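Written below as structure tokens is the structure these notes are about.
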Amino acid sequence: MMKRSHNNVASHALYDLVLDRNWTEVVAHCHSHPVDASYEDTDTFGETPLYLSMNFHPPSYAVKALVEACPGAVYPQTKNRDCPLHLACRFGASYEVLKILIDSDPITAKSTSKYGVTPLSALRRHFLADYPKGVISSSFIQSSEGGGAEFWRKVCLILLSSYYGRNFPKFEDQKLLHCAVSASCPVLFEVILFELYPDEAMEPMLEMQNRLPLFVAAEKSLYDECRSSYEIGKLLDIYPQAACCTDRSCNNRYPLHIAIDCKKTWNGGLRLLVDTAPEILLSPDPITQLYPFMMARDNSESCLRLLLAEPEALRIALSGVI
């Protein structure tokens, strides 16, 4: 016999139906007892029925019913502090399911779990598990065979949602490389985006105060030296002149100043910026009035490398010019 909710207190009846994968009854229960969609299982540190369902490749109609019954269930939960969207990406839920979750609140597309996992990084884990070769190419994402095109639709959905929210521009105005630069996009996906949309590296990002992609990449927190170095390197390969451009929205700082201030390391992008525009080493930061090597004083390696790249900066600093 189906368990019932009493006095608007959520019971585990709906949770049990999800556990049984009885999707027809899940939908019916959502309609008759929507309060049960807010149930949080104590044995799993607060899993809701929606969260649980992501483990079982749920049909989109069941997910729609669960979200409508409890829209708040799309947000972080359990001790991992991740969202149902994280699980949906990790376990290969359909594009339709991902869209239902994101449409409820696009902010979940860029949410980060307690352990630093984003929906994009969860999608990357799914890709590496399901596609052992671990290579994304133009032919792969355009192929209907092997799920390549469907998988890439999911990547694009999350990128666009994290950047534009609910208001996607027209298809021809969508800037997927800009989306990737503004997010913590895995290199696995950025490789193909740089291949498909190189011109976007030279275009101002309208949603980011018309800043160049290099400015935004330099400003991102450093959590992976290789990823940061790859992104900055590709942007410089396509548009090296950006290293000598100043960011009007940031007191006319150069990308090197921005990168140092945001704790980028020598191997995390500083070397590439210096190699491309070494003359910036003699330009004081317009905010702190410090030379680049002085700005990096908290990182001994970066400070030394910057100083060795342009010793003249030390002589000028000691002469009292600044």
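The values are calculated or read from the model by the stated rules, or taken from the named source; none is laboratory data. Just so you know, these numbers come straight off a predicted model, no measurement behind them. Quick reminder, even Gly has a Cβ in these numbers, built from the backbone with ideal geometry, and neighbours come from all protein chains shown.
Looking only at the stretch 18-27, how many residues end up being in a helix (DSSP H, G or I) and either more than 33 Å from the chain's Cα centre (by Cα) or at pLDDT below 95 (or both)? So that I can check it myself, show each step before the final result.
Of the residues in the stretch 18-27, the ones in a helix (DSSP H, G or I) are 18-19, 23-27.
Adding the requirement that they be either more than 33 Å from the chain's Cα centre (by Cα) or at pLDDT below 95 (or both) leaves 24-25.
The qualifying residues number 2.
For L273, indicate whether it is of a type outside the set (V, I, T), more than 23 Å from A180 (Cα to Cα) and touching a Phe, Trp or Tyr at 6+ places or on another chain (Cβ under 9 Å).
Details: of a type outside the set (V, I, T): yes; more than 23 Å from A180 (Cα to Cα): no; touching a Phe, Trp or Tyr at 6+ places or on another chain (Cβ under 9 Å): yes.
Against the criterion (of a type outside the set (V, I, T), more than 23 Å from A180 (Cα to Cα) and touching a Phe, Trp or Tyr at 6+ places or on another chain (Cβ under 9 Å)), L273 does not qualify.
What residue, among those in the stretch 73-95 that are of a type in the set (K, R) and surrounded by fewer than 18 Cβ atoms within 10 Å (Cβ to Cβ), is farthest from the chain's Cα centre (by Cα)? Give the derivation first.
To start, the set of residues in the stretch 73-95 that are of a type in the set (K, R) comprises 79, 81, 90.
Among the residues that remain, those that are also surrounded by fewer than 18 Cβ atoms within 10 Å (Cβ to Cβ) are: 79, 81.
On the way: K79: 21, R81: 16 Å.
Checking each candidate, the answer is K79.
Looking for something buried (at least 21 other Cβ atoms within 10 Å of the Cβ), assigned by TED's automatic domain parsing to the domain that holds P213 and in contact (Cβ under 8 Å) with a residue 40 or more places away in the chain - is there at least one such residue anywhere in the stretch 278-292?
Scanning the stretch 278-292 turns up no residue that is buried (at least 21 other Cβ atoms within 10 Å of the Cβ), assigned by TED's automatic domain parsing to the domain that holds P213 and in contact (Cβ under 8 Å) with a residue 40 or more places away in the chain.
Can you pull out the residues in the stretch 248-271 that are part of a loop (DSSP other than H, G, I, E, B) and either over 21 Å from K234 (Cβ atoms) or not polar (S, T, N, Q) (or both)? Even if it seems obvious, please write down each step before you answer.
Quick first cut of the stretch 248-271, residues part of a loop (DSSP other than H, G, I, E, B) only: 251-252, 254, 262-265.
The answer is N251, N252, Y254, C262, K263, K264.
For P169, are the conditions met, namely being farther than 26 Å from S221 by Cα, without any contact (Cβ under 8 Å) to a residue 40 or more places away in the chain and either crowded, with 18+ Cβ neighbours inside 10 Å or not charged (D, E, K, R) (or both)? Can you show your working first?
Values: farther than 26 Å from S221 by Cα: yes; without any contact (Cβ under 8 Å) to a residue 40 or more places away in the chain: yes; either crowded, with 18+ Cβ neighbours inside 10 Å or not charged (D, E, K, R) (or both): yes.
Judged against the criteria, P169 is a match.
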